[in-house]
Amino acid sequence: MISIEDFRKIDIIVGQILSVEKVPDTDKLLNLSVDLGEEKPRQIVSGIALYYEDIQTLVGRKCMFVANLESRVIRGLESQGMIFALSTEDDKFSLISPLEDMPVGTKAR
């Protein structure tokens with residue numbers, strides 16, 4: 001269990017995927033360019049490629065991201081956040097997206 005104070009430390013923001021590329025020599029990693037309402041887009045590496053027959057369908061989607069996660073290098077690429085997603089043991093998968101059309105950079109409260 002975490003405290004509400006710990007939970008409030010997580011910066012959850014609406015972002016829009018601007019571009020997506022497969023990470024070379026991997027099956028499941030994608031390199032996302034994401035607009036979080038900041039001066040420049042962020043690079044976010046995510047292991048969601050296996051769930052998309054055509055990864056270009058992700059371009060333009062608004063999803064929820066963790067914006068204040070410490071950067072991490074994955075396969076030589078700096079990942080500057082994390083996309084929120086759900087998956088089940090029987091391989092059902094969904095990205096978490098706002099139900100309404102929310103502006104990029106909107107923070108969860």
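Name the trypsin sites (Lys or Arg not before Pro) in segment 1-86 that are in a loop by DSSP and that have at most 11 other C-beta atoms within 10 Å, would you?
Working: sites: Arg8, Lys9, Lys22, Lys28, Arg42, Arg61, Lys62, Arg72, Arg75; in loops: Lys9, Lys28, Arg61, Arg75.
Counting only loop positions with at most 11 other Cβ atoms within 10 Å, the trypsin sites (Lys or Arg not before Pro) in segment 1-86 are Lys9.
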Exercise for the section: Could you tell me the distance between the Cα centroids of segment 44-109 and segment 16-38, to the nearest Å? Expected result: 9 Å
Exercise for the section: Convert each backbone phi in segment 28-34 into a coupling constant with the Karplus relation 6.51 cos²θ - 1.76 cosθ + 1.60 (shift: θ = phi - 60°), then list the ³J(HN,Hα) values in order as whole Hz, x for Gly and Pro. Expected result: 10, 8, 10, 9, 9, 9, 10
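So what's the net charge close to Gly105: Lys and Arg +1, Asp and Glu -1, counting the other residues with Cβ under 14 Å from its Cβ?
On the way: positive: Lys40, Arg42, Lys62, Lys107, Arg109; negative: Asp11, Asp35, Glu38, Glu39, Asp101.
Neighbourhood net charge equals 0.
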Problem - Cα-based Rg / Dmax (Å) for segment 4-95 - result: 13.2, 40
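In segment 1-84, what GluC sites (Glu not before Pro) fall in a loop by DSSP, with at most 11 other Cβ atoms inside 10 Å? Working shown, then result.
Details: sites: Glu5, Glu21, Glu38, Glu39, Glu53, Glu70, Glu78; in loops: Glu38, Glu39, Glu53, Glu70.
Passing sites in segment 1-84 are Glu39, Glu53, Glu70.
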Practice task
For segment 95-109, take each phi angle, set θ = phi - 60°, evaluate the Karplus expression 6.51 cos²θ - 1.76 cosθ + 1.60, and give the result in whole Hz per residue in order, putting x for glycine and proline.
Solution key: 7, 8, 10, x, 6, 9, 6, 9, x, 4, x, 5, 9, 5, 10
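Where does the chain land at 222 nm, in deg cm²/dmol rounded to the nearest 500, when only DSSP H runs of n ≥ 4 count, each adding -39500 (n - 2.57), divided by all residues? Provide the component values of the computation, followed by the final result.
Numbers: 1 runs with 5 residues, N = 109.
So the calculated ellipticity at 222 nm is -1000 deg cm²/dmol.
None of the figures in this text is laboratory data; all of them are computed from the coordinates on show. Only a predicted model underlies this, so the values are computations on that prediction, with no experimental measurement involved. Quick reminder, even Gly has a Cβ in these numbers, built from the backbone with ideal geometry, and neighbours come from all protein chains shown.
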